[in-house]
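A.B. asks: Pasting in a structure now, in structure tokens, and then I'll have a few things to ask.
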Amino acid sequence: MSKAKIGLVLHAHLPFVRHPEYPKFLEENWFFEAVTETYLPLIRMFNRLRRDEVPFRITLSLSPTLMTMLADNLLKERYVAHLERSIELGMKEVERTKGDPELNRLAVFYLSFFERTLFEYNDIYRRDLIKVFRDLEAVGSVSIITTAATHGFLPLYQEYPEAVQAQIEAALMTHVTHFRSKPKGFWLPDCGYYPGLEHILKRNDLGYFFTASHGVVLANHKAERGIFAPVKCPNGVHAFARSYELSQAIWSEQDGYPADYAYRDFYRDIGYDLDLEYIRPYIHEPQVRVFTGYKYYAISGKKGEKRLYNPEAAAQRVAEHARNFLYTLERSSKRTTQLVDREPYFVIPFDAELFGHWWFEGPDWLEQVIRGMASGDELVMCNPGEYLQEYPDNQELQPAFSSWGNDGYCSTWLDGSNDWIYRHIHGCIERMIELVDRFPNQDSLKKRFLDHAAREVLLMMGSDWPFIISNGTSMNYAERRIREHVHNFNIVYDNLCRNTVDTEWLTRTEKKYTIFPDIDYQIFSRHKRS
Amino acid sequence: MADQHLDSMSVHRLRLIGKRLGIKDAQELNRAELIDTIEEILEERLDDRLSKNNEVMSLKGKKFDLFDDLCTEAVGEPIYDLPHSYAETSVHMILRDPYWAYVYWNINPKDIEVIKETRGTYSLVLRIHEFTHPRLPLSKCRKSFDIPIREEDTSWYVNLLDLSRWYVASLVAQAGTWSETLCGSNEIYSPGGYWMERIQELKSDQRELDLFHAAVTDLSGHEVDSVLVKSIMEELGRQDDKEQQS
């Protein structure tokens with residue numbers, strides 16, 4: 001019987017946030033929460049599947065900024081301190097709730113979750129999660145790819161192929177540093193594609209990328225197999241389109257599985273619920289309430305009082321939702337088999353942080369789906385690389401401009417709230433290209449300056465800043481980051497134009513932004529564009 | 001969540017937040033009134049934010065959802081000024097979606113001085129040129145239209161009238177019968193796609209229609225967030241309605 005192929009893709013990314021100049025920094029919590037609730041639970045799941053010899057294939061995109069943070073000693077120290085604080089809070093919570101058995105059970109549940117997390121991170125993985133991912137890749141279950149260096153949303157930089165090249169080259173450099181080999185594929189940030197981008201991918205030996213579904217079905221010619229097989233760009237690079245239908249079963253905030261009333265509520269957290277004096281040591285100084293990870297309530301319903309979270313009831317829903325998804329997959333597979341002339345390939349990509357962080361039960365659901373596919377006979381997991389080995393001949397087609405953002409194009413990253421940033425980022429890119437022309441073969445101190453200028457340009461290009469500004473969370477921070485990177489770049493530019501160098505400033509700034517330690521400013525060379 | 005947050009703040013801080021949110025009489029409101037008004041605005045802002053997000057973006061936002069941003073102005077952190085301009089005259093186009101482009105520009109004050117000295121009173125227009133083929137000179141454009149701009153303007157969202165066309169923007173100074181193109185932009189292409197131009201063909205071919213639907217709709221029949229997909233679906237719906245009526 002012919003089997004439908006399933007390509008699960010998890011894209012793990014966080015912006016580079018590391019502030020050694022402060023003893024604690026609020027936005028570093030993004031990283032701590034994701035490690036605790038997403039990356040470690042996913043690793044746990046992968047290990048369980050391996051232990052039980054369940055065959056599985058997952059494509060995991062790890063962004064260069066995330067890789068750098070996972071490998072960073074300061075953040076490792078701070079993460080451990082963060083977990084220790086969570087455990088301390090847990091102990092207080094167990095004490096505080098001892099008169100209420102139901103609440104107490106949840107306090108114990110979370111305390112043991114944090115204790116286990118700390119034990120695994122310190123003692124099992126020796127604080128080296130990159131090595132864990134490398135080992136998973138070595139056994140063939142997980143195929144690791146990369147994305148743009150700072151997750152720049154590339155369609156907004158198509159006027160500057162040098163900058164797009166720099167995003168890709170710096171990403172590959174970081175990937176090779178951590179994984180010792182080049183990836184075969186590339187995750188375009190937010191599936192942002194514009195015709196011609198494939199030339200830069202090919203120049204960097206990247207064989208495939210992923211697009212939104214309308215990137216393929218709205219191409220200039222008919223996609224003969226719709227989105228159920230990759231298409232080959234005229235230059236030979238393959239594009240895999242996302243299955244909107246299947247992704248949506250999980251993505252939908254209103255109708256998706258994660259919205260089930262039995263699941264843990266993301267927002268109700270004792271960081272907001274409890275008395276300020278009690279919670280003050282575990283929130284942000286002086287008194288900014290934040291999530292602590294102790295979330296005692298289930299989603300429960302749209303209105304009214306929230307019910308206490310019941311992990312057993314949630315586990316039951318996980319099993320039901322996994323079965324439902326498998327049924328949906330099989331049904332879609334049967335329907336699609338009649339439409340295309342080979343086994344359909346369903347590409348289902350997600351932001352990894354959906355699993356565990358927002359949807360607490362997500363990793364368990366994923367595990368059950370994978371186990372279900374492995375034990376059935378209608379679906380087989382398959383990575384894009386494996387697919388292309390089996391089917392190297394695919395329809396030649398030029399995909400269309402697209403993304404998975406609002407309106408399907410750029411409006412998340414380019415709207416009335418954030419459009420002001422582009423004149424500055426583009427201005428800095430132009431100046432960076434000019435610096436490469438003016439100082440073609442520098443070494444020692446001037447090269448350090450130029451390298452740092454390139455680093456600042458990459459950092460300002462991150463898609464997270466306009467996204468955050470548009471979305472309205474942490475706007476202050478995102479705006480400050482853009483302003484700081486533009487400011488820092490212009491210090492270098494002005495210094496070089498005046499032929500002076502402020503080494504004290506450079507050393508201080510390099511220590512703050514430790515990302516891309518081996519960067520070479522020549523990645524912005526205009527000679528690389530053709 | 002927000003009320004506890006706001007409750008813990010001083011009136012001075014609440015007034016600062018109120019000012020940032022555009023509450024005109026923030027200085028005159030008392031504590032309770034300030035909290036009520038701020039909460040109301042925050043609620044509206046949240047609704048706006050959520051309503052414009054598609055599912056992917058909405059969930060992506062959770063990743064950064066740590067706290068209420070308005071209440072966390074970092075003390076002592078420098079806010080760097082951005083360069084006022086880049087001392088050049090240039091215009092850039094960024095394609096936002098198939099129907100809209102963002103155009104931003106910068107005019108070197110020296111260029112303005114020269115125009116003022118030689119021409120006296122002048123006006124500026126942003127001219128949008130549409131082409132049927134790429135890389136043609138401005139004079140070969142299929143059509144163009146002008147948007148009057150003021151000296152202090154620096155950007156504009158431009159509605160692209162036709163799909164599958166190339167566009168270039170230029171900045172033009174005018175005085176009487178005299179006009180001069182100050183600079184031209186990069187070229188952008190507004191995509192249409194095969195099915196946009198062949199909706200009838202799509203409708204008449206059941207296999208193609210099924211493939212299209214399977215690609216762009218979910219199990220509840222909601223279509224993917226794309227203005228072009230929406231217009232194809234609407235046109236298909238209209239044709240269905242017509243057929244039923246006839």
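The values are calculated or read from the model by the stated rules, or taken from the named source; none is laboratory data. Note that the structure is predicted; figures quoted are calculated from it, not measured. Because the Cβ atoms are built from the backbone with ideal geometry, glycine has one as well, and the counts that use them run over all protein chains shown. What goes into the accessible areas is simple: the full protein's heavy atoms, side chains included, and nothing from ligands, DNA or RNA. Shrake-Rupley method; radii C 1.70, N 1.55, O 1.52, S 1.80 Å.
A.B. asks: From the C-alpha gyration tensor of region B:90-190, pull out the three semi-axes of the equivalent ellipsoid (sqrt of 5λ each), sorted largest to smallest, in whole Å.
C.D. replies: On the way: eigenvalues 124, 39, 22 Å².
Equivalent ellipsoid semi-axes, largest first: 25, 14, 11 Å.
A.B. asks: Please list, or write none, the lysines whose alpha carbon is within less than 26 Å of the alpha carbon of A:LYS98, excluding same-chain residues fewer than 8 places away.
C.D. replies: A:LYS295, A:LYS306
A.B. asks: Could you calculate, for region A:68-159, the ratio of the Cα radius of gyration to the Kirkwood radius, expressed as Rg to Rh? If you can, show how the numbers build up before the last one.
C.D. replies: On the way: Rg = 19.0 Å, Rh = 16.3 Å.
Taking Rg over the Kirkwood Rh, I get 1.17.
A.B. asks: Would you mind checking A:LYS184/A:LYS232; A:LYS184/B:LYS60; A:LYS131/B:LYS60; A:LYS184/B:LYS63; B:LYS19/B:LYS60 for any pair whose Cα atoms are more than 18 angstrom apart? Walk me through the intermediate numbers first.
C.D. replies: Numbers: A:LYS184/A:LYS232 15 Å; A:LYS184/B:LYS60 26 Å; A:LYS131/B:LYS60 27 Å; A:LYS184/B:LYS63 27 Å; B:LYS19/B:LYS60 29 Å.
The answer is A:LYS184/B:LYS60; A:LYS131/B:LYS60; A:LYS184/B:LYS63; B:LYS19/B:LYS60.
A.B. asks: What base-10 log of the normalised intensity I(q)/I(0) is obtained for chain B from the Debye formula, alpha carbons as equal point scatterers, at q = 0.11, 0.18 Å⁻¹?
C.D. replies: For chain B at q = 0.11, 0.18 Å⁻¹, log10 I(q)/I(0) is -0.95, -1.22.
A.B. asks: With +1 assigned to the C-beta of every Lys and Arg and -1 to the C-beta of every Asp and Glu, and no other charges, what is the dipole magnitude of the protein assembly as shown about the Cα centre in debye, to the nearest 20?
C.D. replies: On the way: 92 positive and 118 negative charges, 335 e Å.
About 1600 debye.
A.B. asks: A further question on this structure: How long are the three semi-axes of the equivalent ellipsoid for the protein assembly as shown, computed from the Cα gyration tensor as the root of 5 times each eigenvalue, in whole Å, largest first?
C.D. replies: On the way: eigenvalues 322, 248, 152 Å².
For the protein assembly as shown, the ellipsoid semi-axes come out as 40, 35, 28 Å.
A.B. asks: If R₀ is 60 angstrom, what is the calculated FRET efficiency for the pair A:LYS131 and B:ASP240, using the beta carbon separation as r and rounding to 0.05?
C.D. replies: On the way: r = 57 Å, r/R0 = 0.95.
Efficiency, from the Cβ-Cβ distance: 0.60.
A.B. asks: Quote the total accessible area buried by chains A and B together, excluding ligands, DNA and RNA, probe 1.4 Å, nearest 100 Å². Walk me through the numbers on the way to the answer.
C.D. replies: On the way: alone 21870 and 16940 Å², together 30560 Å².
Approximately 8300 Å² gets buried when A meets B.
A.B. asks: For chain B, what is the mean residue ellipticity at 222 nm derived from helices alone (per DSSP H run of n ≥ 4: -39500 (n - 2.57); sum divided by total residues; nearest 500 deg cm²/dmol)? Don't skip to the end; give the middle numbers.
C.D. replies: Details: 8 runs with 93 residues, N = 246.
Result for chain B, helices only: -11500 deg cm²/dmol.
A.B. asks: Over region A:214-266, what lengths in whole Å, largest first, do the semi-axes of the equivalent ellipsoid take, defined as the square roots of 5 times the eigenvalues of the alpha-carbon gyration tensor? Write down the numbers at each step before the final one.
C.D. replies: Details: eigenvalues 226, 21, 12 Å².
Over the Cα atoms of region A:214-266, the semi-axes work out to 34, 10, 8 Å.
A.B. asks: Which of B:ILE41, B:ILE112, B:ILE147 moves most in a GNM of chain B, Cα contacts under 10 Å?
C.D. replies: So, out of B:ILE41, B:ILE112, B:ILE147, the one fluctuating most is B:ILE41.
A.B. asks: On to the next question. With all pairs of different alpha carbon atoms counted, what Kirkwood hydrodynamic radius in Å does region A:381-510 show? Don't skip to the end; give the middle numbers.
C.D. replies: Working: mean 1/r = 0.0572 Å⁻¹.
The answer is 17.5 Å.
A.B. asks: Continuing with this model, one more query. In terms of the Cα gyration tensor, with a ≥ b ≥ c the square roots of its eigenvalues, is region A:12-118 rounded because a/c is under 1.5, prolate because a/b exceeds b/c, or oblate?
C.D. replies: Details: a/c = 2.85, a/b = 1.18, b/c = 2.42.
Oblate.
A.B. asks: For region A:1-66, just the Cα atoms, rotate onto the principal axes and tell me the three extents in Å, largest first.
C.D. replies: On the principal axes, region A:1-66 reaches 60, 22, 14 Å in Cα extent.
A.B. asks: Cα gyration tensor of region A:259-411, axes a ≥ b ≥ c as square roots of the eigenvalues: rounded (a/c below 1.5), prolate (a/b > b/c) or oblate?
C.D. replies: Prolate shape, in that a/c is at least 1.5 and a/b is the bigger ratio.
A.B. asks: How much of the accessible area of the protein assembly as shown, in percent, comes from carbon and sulfur atoms when a 1.4 Å probe is used? Mind dumping the intermediate values first?
C.D. replies: On the way: 14890 of 30560 Å².
Of all accessible area on the protein assembly as shown, carbon and sulfur atoms account for 49 percent.
A.B. asks: Going out from 0 in 10 Å bins, what whole percent of all Cα-Cα distances in region B:195-245 drops into each bin?
C.D. replies: P(r) over region B:195-245, rounded to whole percents: 25, 60, 16.
A.B. asks: Next question. Based on the alpha-carbon set only, what is the convex hull volume of region A:202-325 divided per residue, in Å³?
C.D. replies: Details: hull volume 25.1 nm³, N = 124.
Considering the Cα atoms of region A:202-325, their hull volume per residue is 202 Å³.
A.B. asks: Could you name the aspartates and glutamates in cross-link range of B:LYS143, using Cα to Cα under 19 Å and dropping any fewer than eight places away on the same chain?
C.D. replies: Partners within reach: B:GLU130, B:ASP162, B:GLU180, B:GLU187.
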